[in-house]
Amino acid sequence: MAQVSMTVRVDSKQKLLFDQLCSEFGMSANTAMNIFVNAVVRNRRIPFEISAPQEDPVDGITAFRKLREMAEQGRFPEMTLDEINGEIRLAREEANKRK
């Protein structure tokens with residue numbers, strides 16, 4: 001099939017960020033756009049999300065062990081049930097924002 005050029009206008013700062021992210025994904029911006037176009041045509045919808053790894057990923061089990069160690073050493077006071085429930089509520093709200 002013959003190839004054609006397509007021009008897309010974006011903010012220069014967004015283009016720079018897009019190029020940097022594509023590089024993190026191991027591809028060019030052109031490749032990313034081709035993947036997007038092919039997937040949209042194939043699925044007749046926007047079918048996927050591409051995301052970069054978080055700059056400082058936190059391993060859940062590592063975080064849990066660190067908190068447990070701190071608790072065993074008495075490095076922070078025990079929390080009330082209301083405080084625990086508040087922390088759970090905030091964690092759920094943050095998780096829902098990321099979805």
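The values are calculated or read from the model by the stated rules, or taken from the named source; none is laboratory data. Computed from a prediction, not measured in an experiment: that's the story for all the values here. Cβ: placed from backbone, ideal geometry, glycine included. Neighbour counts: every protein chain shown. All accessible areas refer to the heavy atoms of the entire protein, side chains included, with ligands and DNA or RNA removed. Shrake-Rupley method; radii C 1.70, N 1.55, O 1.52, S 1.80 Å.
Numbers below:
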{"quantity": "Loop GluC sites (Glu not before Pro), the chain (other Cβ atoms within 10 Å of the site Cβ: 16 or fewer; DSSP)", "calculated": "Glu49, Glu55, Glu78"}
{"quantity": "List Lys15, Lys97, ordered by accessible area with a 1.4 Å probe, largest first", "calculated": "Lys97, Lys15"}
{"quantity": "Whole-percent carbon and sulfur share, accessible surface of region 1-91, 1.4 Å", "calculated": "55 percent"}
{"quantity": "Scaled radius of gyration (Cα, divided by 2.2 N^0.38 Å) that the chain gives", "calculated": "1.72"}
{"quantity": "The chain - accessible surface per residue (Å², probe 1.4 Å)", "calculated": "96 Å²"}
{"quantity": "Chymotrypsin sites (Phe, Trp or Tyr not before Pro) within the chain, DSSP loop, no more than 11 other Cβ atoms inside 10 Å", "calculated": "Phe48"}
